[in-house]
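This report refers to the structure that appears directly beneath it.
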Amino acid sequence: MEWMNISYVLAFFEVFVASLSQILLKQSAQIEHKNIIYKFLNWRVILGYVLLLGTTVINVFAYRGIELKLMPMIESTGIIWVTILAVFFLGEKPTKRTILSIAVTVAGILVFSM
């Protein structure tokens, strides 16, 4: 039972880390770089891809204690994390479409979990 709880924590943590890596990559894309090399070889891009690689490793351990049918539901929470992180790190204001997407995602999670 304890391993299953840890697996859920790992799964949600993986989604959060993947969302954080997407924010880093978007930050880098918004910055004007000297040339094409600096566009891809800067700390934000490197850290973003290292975090994405880390999420793959985390997934391996998360899948050990979670039914496969639950992972798409957990992965879908990424839109929520990206929106929250974009507000804090990028200063973006969520659009009506984003809010609607989050509402549909939450509704889908609730229906799926019944």
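The values are calculated or read from the model by the stated rules, or taken from the named source; none is laboratory data. Just so you know, these numbers come straight off a predicted model, no measurement behind them. FYI the Cβ positions are ideal-geometry reconstructions off the backbone, even for glycines, and counts take in every protein chain you see. All accessible areas refer to the heavy atoms of the entire protein, side chains included, with ligands and DNA or RNA removed. Shrake-Rupley method; radii C 1.70, N 1.55, O 1.52, S 1.80 Å.
When Rg is the radius of gyration of the Cα atoms in the range 37-114 and Rh is its Kirkwood radius, what does Rg/Rh come to? Show your work: numbers first, answer last.
On the way: Rg = 15.7 Å, Rh = 14.9 Å.
Across the range 37-114, the Cα-based Rg/Rh ratio is 1.06.
Quick check on packing: order 93-105, 22-34, 6-18 by the mean number of other C-beta atoms within 10 Å, highest mean leading. Don't jump to the answer; show the numbers that get you there.
On the way: 93-105: 12.0, 22-34: 14.4, 6-18: 17.7.
Ranked by mean Cβ neighbours within 10 Å, highest first: 6-18, 22-34, 93-105.
Just name one of T56, Q30, L41: the one whose Cα is farthest towards the positive end of the charge dipole of the chain (beta-carbon charges, Lys/Arg +1, Asp/Glu -1).
Final value for the positive-end residue is Q30.
How much accessible area per residue does the range 13-114 have, counting only protein heavy atoms and a probe of 1.4 Å, in square angstrom? Don't skip to the end; give the middle numbers.
On the way: 6900 Å² over 102 residues.
Value for the range 13-114: 68 Å² per residue.
For K93, give me every one of the lysines with a C-alpha distance below 25 angstrom, ignoring sequence neighbours fewer than eight places off in its own chain.
Straight-distance partners of K93: K26.
What is the percent carbon and sulfur in the accessible area of the chain, measuring with a 1.4 Å probe over the protein chains and ignoring ligands? Present the calculation step by step, with values, prior to reporting the outcome.
Values: 5610 of 7830 Å².
Heavy-atom surface of the chain belonging to carbon and sulfur, 1.4 Å probe: 72 percent.
Among the complete DSSP H segments of the chain, which ones combine at least 30 Å of alpha-carbon extent along their axis with a mean Kyte-Doolittle hydropathy of 0.0 or more? Each step should come with its number before you reach the end.
Numbers: long enough: 2-30 (42 Å, 0.77).
Qualifying helices, which must be both long enough and hydrophobic enough, are 2-30.
Distance from a point 7 Å along Cα→Cβ of Q30 to each backbone N in the range 36-64: keep the residues under 18 Å and list them by number.
39-40, 42-49
For the range 1-87, compute Rg over Rh where Rg is the Cα radius of gyration and Rh is the Kirkwood radius from the inverse mean 1/r over Cα pairs. Numbers along the way, then the final one.
On the way: Rg = 15.1 Å, Rh = 13.9 Å.
Reported Rg/Rh, Kirkwood definition of Rh: 1.08.
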